[in-house]
1. Using 0.36 nm per residue of separation minus the Cα-Cα distance, give me the extension gain between residue 131 and residue 697 in nm, one decimal.
2. With viscosity set to 1.002 mPa s and temperature to 20 °C, compute the Stokes-Einstein D of segment 178-274, Rh being the Kirkwood radius across alpha carbon pairs; µm²/s, no decimals.
3. Could you list 90, 430 in order of exposure, starting from the residue whose Cβ has the fewest other Cβ atoms within 10 Å?
4. Cα-Cα pairs above 16 Å in segment 285-327: how many percent?
5. Identify which of the listed values of log10 I(q)/I(0) by the Debye sum over Cα atoms at q = 0.08, 0.11 Å⁻¹ was calculated from the structure shown: [x] -0.73, -1.29; [y] -0.85, -1.18; [z] -0.66, -1.30.
6. Given only helices, namely DSSP H runs of n ≥ 4 each adding -39500 (n - 2.57), what is the per-residue ellipticity at 222 nm of the chain, to the nearest 500 deg cm²/dmol?
7. Give me the mean projected area, in nm² to one decimal, of the convex hull enclosing the Cα positions of segment 563-690.
8. Once the principal axes of the Cα atoms of segment 597-650 are found, what is the range along each, listed largest first in whole angstroms?
């Protein structure tokens, strides 16, 4: 019998990111209408019996104890002191405390730095999408969680399957490393539909790192790293139920059930189900505008917080079944259908041990995964189904050691990781099987001074098929002022492509695939870039601006040339001729206590060798703009959000005519995508209603030769804009919060 189940009982105890609980922040003082950094202010944690003093910039870093709640006390001569109650969720957090002069009478104000935008204390540029930001749109699944974010683009891949893919720095999502609480996630066969099976309701936040990430997280961060944070069982709602429906017939239900067993143990069960069985064909081309699907997923998480150790155990799985293509009422004799089924199961064990020395910890991660996908696209011009299937089993383990100096100036992380992979892919009649072992050590040193911070890391990976890889990386941050930081980064990344399944949606055409004669080779890239992030006052209101630019060049990249011939997709490796330049400017302004706006512009120049010429990669918008407007009522019960994505022109694959020797290059038009949502919060119930694609923008004729899918020119992969028109959705969320301890 074919082995499909991994031996989960071999899963040992493993660990989450083995950082000690460290709190960062700034202390500023108010004198009349101005604020200044307080040098020498005393910051102490009462229960942990630890204390430190702020530097000349008002900055402090202090290690928290292992028992919560605790109390943070801030004292400075000439100012009223302040106390802040700390809970476990403050671990690895940041605060800004503002003390008022004892010559003034107002109450002390404490501002939590838990919103969106760049995380100020991070050496690398890390952007956080908070739980509140996720609720500004429907956000039913992960692929819909980036709609109000300017850095990550989510695009529909074709006009049949409904699959979505992300882009970061103008590069396909396979070059972005996904992690679920610092454990590898959405790798291999699950990249195409995995995002649509993971509920955004489960998330506490998302961290986005541009450029090469830390070597501790692995070697696959070539364009960036996205880490998903699931709500902790200790802090998640005792009960949360969310239901959603839209005018196209899609229904979805999400639930969270959490239970604190005692002071050290807690567990949560997260459930998600979604379905759409309607037959929508508004453009009357005979194809379903949206796929019919059923998706079920669940995650069970256990967490233990002890005095000398912490542990997490989790099991996650999903089932996704999809049908798309020509509808049942199509008169075609050989109808084109897509049938895909995905089944996924993974388990993770994470354990961390605190050392005798302050700032010392040891952690172990063990993770196993099994994924199976099977289905077909068809029929092609010969009346045959295009088989799309795969089977993957993966085991990952990482042992991490961390040690920090007492004052936090020096920090060392080191360890070793191991990945075992067995993967089989089939597209058409082509089958690729691969068994591989990847293992190697890594080390990273961080230096944190008053204004300058550096992070230097190297990992050495041995791959059983391709040999040794040395991956150096550097990150740096310099504080021009307490509110303006300059960051820079550079380094190397590599990955082994699973190009049959990563591009299976291209089967929604009658083009012939020409695969590389070399077979599977690793892709290798270098990335360098930097950013400037600053906070300032705009008409006496808080504002921030971030400017960044990143340049990526590939030593070797697997490209898909769609320009050579009208009936071929040519897969080939390009050496030292693929580059990507991504520049972005973003500004956030609080116009009032209730109203805030955000504006962002992004320029993407992504080039490689296509049809013998260096030119822009197809389906990548050169320009993109984002505008958001958010309003909250004074009592915080009403919220209204409006977002506009303005998408610039994309180079489309060349159009060939006659014998195929004549072609012309053309671009898609500019178009806006506007959506908004209004919500009202009662004590336990929240009701929301929203509109998507408010301007009813639709791509005309998204499928070439839709009336005759057996014609060689049939192609459903030339999608540059929305396929469906205006959408109306609504939902309700009911929640019971945890009882206060």
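1. Details: separation 566, 0.36 × 566 = 203.76 nm, distance 2.94 nm.
Residue separation times 0.36 nm, minus the Cα-Cα distance, leaves 200.8 nm.
2. Working: Rh = 15.3 Å.
Rounded to a whole number, D works out at 140 µm²/s.
3. Details: 90 20, 430 11.
Result, fewest neighbours first: 430, 90.
4. Details: 560 of 903 pairs.
Of all Cα-Cα distances in segment 285-327, 62 percent exceed 16 Å.
5. This structure yields the entry labelled [z].
6. Numbers: 2 runs with 8 residues, N = 741.
Computed ellipticity for the chain at 222 nm equals 0 deg cm²/dmol.
7. Working: hull surface 47.0 nm².
Averaged projected area of segment 563-690's Cα convex hull equals 11.7 nm².
8. 61, 13, 13
Bear in mind these aren't lab numbers, they're just calculated from the coordinates by the rules spelled out. Note that the structure is predicted; figures quoted are calculated from it, not measured. Counting neighbours? That spans all protein chains shown, and the Cβs are built from the backbone with ideal geometry, glycine included.
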